[in-house]
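Comments concern the structure below.
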Amino acid sequence: MIDPIAVFVLLLGAATPILFAALGELVVERAGVLNLGVEGMMIGGALAGFASAHATGSPALGFVAAAIAGAALSMIFAALTQFLLSNQVATGLALTLFGLGLTAMFGKPFEGVKAPSMMAGPFGLNLMIWLGLLAVPAVWWFLMRSRAGLILRAVGENHDAAHGLGYPVRKVRIAAIAFGGAMAGLGGAYISIATVLQWTEGMTAGAGWIALAIVVFAQWNPWGVLAGAWLFGGVTVLQLRLQAAGVAVPVQLLSMAPYLATIIVLVAISARQKFGRSGAGSTPGSLGQPFHALR
Amino acid sequence: MFRLEPRASAPLLWQVATPVMAVIATMITGGLLFAALGFDPVASIRTIFWDPLFGPASGYSRPQLLVKAGPLILIASGLALGFRAGIWNIGAEGQYIIGAICGAAVALAAYPHEAFWIFPAMIVAGAVGGWAWGMIPALLRNWFGASEILVSLMLVYVAQKIAAWMAFGPMKNPEGFNFPGSRNLQQYPAASNPELIANTGLHWGGIAALVALVVTWFVMSRHILGFRIRTAGAAPRAARFAGVRPERLVALCLGLSGALAGLAGLFEVAGPAGQITESFGSGYGFTAIIVAFLGRLHPLGILLAGLLMALTYIGGELAQMMLNLPASTVQVFQGMLLFFLLGFDILTRYRIRRRA
């Protein structure tokens, strides 16, 4: 018999890394920047967080280090795309490849080492789960109710107009990219410190790419990100439960479920956007385009 | 202060110079990284970039150059077409794996039959498998507008799981003492892809890579299709007015690059790798993206870039053996190289002027 509350708790845990990373990327994309390096920043955060938590014995310090590492990696992307006007798709991809390589290189000494135990929070959920849940209304409030959020959205919607009004397009975007990096770092560290409890090469296993898909699924809305992360968490938990229950489907096929589910939701939402009456209204207008002020 | 002035067209000088500058910058930064890790920077760089070709053990490592460069060039020449058109196939790794599985399936079904048609049939199956895997993101984009970047990438993970399933389940070698992994095709003459000329490392995959380069060169520079691809990438609206149908280009570029990646996988599984294992995908599909960019999406450039990337693979292995450098050094190098390349690229696209 499956206990629904226990499953929900597991779901929250499985959803948290994606929730952090996707919320961060949502802010980046709302500022008009497409950073495909989420996977690279997550794995960077996973290693930096794990190493720091292991060295200091404090998971909290681990998460701080992870956020810094994620933000630091994102600054490579920011320098290339914002100052050297490089192609955002290619640069993000480079960041992912670089992050995976760099962590494999520096992670060797941490293989087979155990993480310190997580700090418990209210209702038996750890503090990071709570922080992730609180981040959803916080990001929503920032984007939709604060002046800074309005400027950020203006920059993402039409960078030439925002520039014409005197807003610092580049600075806003760099700040957004840094935030996205820090959030991706936190998400990655959640995988190494709180879920897997150890460091293995390439352990994020596509979570960063799933986060990118969930931002599209959410139609650039923080509450949609929460729904997407829970959906993903649900599929993951269900798949693990089925594995444990010994269903007559090979384990390798069951473990495809999160990736297939991601494709399905991506297709469903894209179809709604394409055929629905709402049109393509929710995609930030300047998404992925380089900004070069001629004056 | 300086200001940037967009160039109307990219000068040939900078197009050639920037990849070279990126390689040099990568060597310098890599050397600094090695020094920080406590290795001799000069010896490390020499071991990676020089010794595989001219060092004491080069007799062994030189043939490896073509073994590694073949799949990289084959995949990259297909990817370059799509990248030119702004169609991002990031999932070549998945198409590579599926091509290998389909090709190996033909061989395993025919085993132990010996016939001339087996290897050609495997080639067809490999290409069709890769094509079909590439067509999934193409059709999902054309029908529903789903991002081909994300779908093709998700399918890499799915393909890896299929490879694992094959290695543990349907394709497991019945005479393999219950170890995961298929029969070794190197020991099945009708299906194997051997070295064609001794000690060169050249197998059918290398030949296919050269053919792919010539064909893509012809298509890009001499055929109407190449014109359409270039127009669609440079000015999508203008391309529409010129009668280019974007859906067709998406299907064509993703399908073709998928087929080439599938071929690369087939030649690998029938040759150097020999069998389908859980970890069959070795990252060629991702490295080929770097090869395409480093080669400036031009066939000649891709040839040189493919050889250089192959060199870093072999040099990385050598450095691991000789100097005990971590195995992932190569990945870090590849990532850095792409960063530098994208950064220096500003010189080809903009003129840097002193502000008046």
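The values are calculated or read from the model by the stated rules, or taken from the named source; none is laboratory data. Only a predicted model underlies this, so the values are computations on that prediction, with no experimental measurement involved. Neighbour counts are summed over all protein chains in view; Cβ atoms, including those assigned to glycine, are modelled from backbone coordinates with ideal geometry.
General observations
- Residues of the range B:151-170 satisfying the condition of being modelled with pLDDT under 90 and within 7 Å of another protein chain (Cβ to nearest Cβ): B:Phe168, B:Gly169
- Checking each residue in the range B:273-301 for being more than 11 Å from the chain's Cα centre (by Cα), within 16 Å of B:Leu260 (Cβ to Cβ) and hydrophobic (A, V, I, L, M, F, W, C) picks out only B:Leu297.
- The residue that is nearest to the other protein chains (Cβ to nearest Cβ), counting only those in the range B:307-356 that are among the hydroxyl-bearing types (Ser, Thr, Tyr) and over 23 Å from the mean Cα position of the chain (by Cα), is B:Tyr350.
Here is a yes/no grid of residues against (1) within 14 Å of another protein chain (Cβ to nearest Cβ); (2) aromatic (Phe, Trp, Tyr):
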{"position": "B:Ile87", "(1), (2)": "yes, no"}
{"position": "B:Gln95", "(1), (2)": "no, no"}
{"position": "B:Ile98", "(1), (2)": "yes, no"}
{"position": "B:Leu108", "(1), (2)": "no, no"}
{"position": "B:Ala127", "(1), (2)": "no, no"}
{"position": "B:Trp143", "(1), (2)": "yes, yes"}
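- Filtering the range A:88-109 to residues that are farther than 21 Å from A:Ala207 by Cβ and either surrounded by fewer than 19 Cβ atoms within 10 Å (Cβ to Cβ) or acidic (Asp, Glu) (or both) leaves A:Lys108, A:Pro109.
- Filter result for B:Ala327 (free of Cβ contacts under 8 Å to residues at least 40 places away in the same chain and either assigned to a helix (DSSP H, G or I) or aliphatic (A, V, I, L, M) (or both)): yes
- Assessment of the range B:53-64 against the conditions (buried (at least 17 other Cβ atoms within 10 Å of the Cβ), farther than 27 Å from B:Leu196 by Cβ and touching a helix residue (DSSP H, G or I) at 6+ places or on another chain (Cβ under 6 Å)) yields no matching residue.
- Test: residue in the range B:31-38 that is in a loop (DSSP other than H, G, I, E, B), of a type in the set (A, V, I, L, M) and either farther than 17 Å from B:Phe340 by Cα or under 27 Å from the mean Cα position of the chain (by Cα) (or both): yes
- With respect to the conditions (1) more than 14 Å from every other protein chain (Cβ to nearest Cβ); (2) outside any helix (DSSP H, G or I); (3) not hydrophobic (A, V, I, L, M, F, W, C), B:Arg62 lacks only one, and its number is (2).
- In the range B:139-152, the residues that are in contact (Cβ under 8 Å) with a residue 24 or more places away in the chain and farther than 12 Å from B:Glu247 by Cβ reach residues that are β-branched (Val, Ile, Thr) and outside any helix (DSSP H, G or I) with C-beta atoms within less than 6 angstrom, at least six apart or across chains, in these pairs: B:Ile149/B:Ile90; B:Ser152/B:Ile90.
- Qualifying position, being assigned to a helix (DSSP H, G or I) and touching a helix residue (DSSP H, G or I) at 6+ places or on another chain (Cβ under 6 Å), among B:Val244, B:Val269: B:Val269
The rows are residues; the columns are (1) touching a Cys at 6+ places or on another chain (Cβ under 7 Å); (2) in contact (Cβ under 8 Å) with a residue 24 or more places away in the chain; (3) over 26 Å from B:Ala319 (Cα atoms).
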site: B:Ser9; (1), (2), (3): no, no, yes
site: B:Met21; (1), (2), (3): no, yes, no
site: B:Ala43; (1), (2), (3): no, yes, no
site: B:Gly55; (1), (2), (3): no, yes, no
site: B:Leu66; (1), (2), (3): no, yes, no
site: B:Gly78; (1), (2), (3): no, yes, yes
site: B:Ile97; (1), (2), (3): no, yes, yes
site: B:Ile118; (1), (2), (3): no, yes, yes
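- In this entry, A:Thr195 is excluded by the filter for residues that are closer than 30 Å to A:Ala115 by Cα, crowded, with 23+ Cβ neighbours inside 10 Å, out of contact with any Leu (no Cβ under 7 Å at 6 or more places or on another chain) and of a type in the set (Ser, Thr, Tyr).
- For the range A:155-174, the tally of residues that are surrounded by fewer than 21 Cβ atoms within 10 Å (Cβ to Cβ) and more than 19 Å from A:Ser86 (Cβ to Cβ) stands at 10.
- Matching entry among A:Ala248, A:Ala218 (being farther than 19 Å from A:Glu39 by Cβ, out of contact with any Pro (no Cβ under 6 Å at 6 or more places or on another chain), modelled with pLDDT under 90 and of a type in the set (Gly, Ala, Ser)): A:Ala248
- Residue in the range A:35-74 that is nearest to A:Glu111 (Cα to Cα), counting only those that are outside any helix (DSSP H, G or I) and in contact with a Leu (Cβ under 6 Å, 6 or more places away or on another chain): A:Gly37
- Checked against the criterion of being assigned to a helix (DSSP H, G or I), crowded, with 21+ Cβ neighbours inside 10 Å, under 27 Å from the mean Cα position of the chain (by Cα) and at pLDDT 85 or above, the range B:171-191 has no qualifying residue.
- Among residues of the range A:94-105 that are more than 7 Å from chain B (Cβ to nearest Cβ), those with a Cβ under 6 angstrom from a residue that is of a type in the set (D, E, K, R) and assigned to a helix (DSSP H, G or I), sequence gap 6+ or separate chain, pair up as A:Thr96/A:Glu39.
- Among the residues of the range B:294-312, the ones that are surrounded by fewer than 24 Cβ atoms within 10 Å (Cβ to Cβ) and either hydroxyl-bearing (Ser, Thr, Tyr) or not in a helix (DSSP H, G or I) (or both) come to 3 in all.
- For the range A:201-226, the candidate set comprises residues that are more than 13 Å from every other protein chain (Cβ to nearest Cβ) and among the small types (Gly, Ala, Ser); within that set, the residue that is surrounded by the most Cβ atoms within 10 Å (Cβ to Cβ) is A:Ala218.
- One residue from A:Leu47, A:Leu61 being closer than 27 Å to B:Gly38 by Cβ and away from chain B (no Cβ under 14 Å): A:Leu61
- Pick from the range B:232-281, criterion in contact (Cβ under 8 Å) with a residue 12 or more places away in the chain and charged (D, E, K, R), ranking: surrounded by the fewest Cβ atoms within 10 Å (Cβ to Cβ): B:Glu247
- Test: residue in the range A:257-276 that is more than 8 Å from chain B (Cβ to nearest Cβ), over 14 Å from A:Ala14 (Cβ atoms) and not in a helix (DSSP H, G or I): yes
- Residue in the range A:237-247 that is touching a Gly at 6+ places or on another chain (Cβ under 7 Å) and within 30 Å of A:Trp130 (Cβ to Cβ) present: no
- Test: residue in the range A:124-134 that is outside any helix (DSSP H, G or I), surrounded by 13 or more Cβ atoms within 10 Å (Cβ to Cβ) and on the phi < 0 side of the Ramachandran plot: yes
- Test: residue in the range A:236-247 that is more than 10 Å from chain B (Cβ to nearest Cβ), closer than 23 Å to B:Ser152 by Cα and part of a helix (DSSP H, G or I): yes
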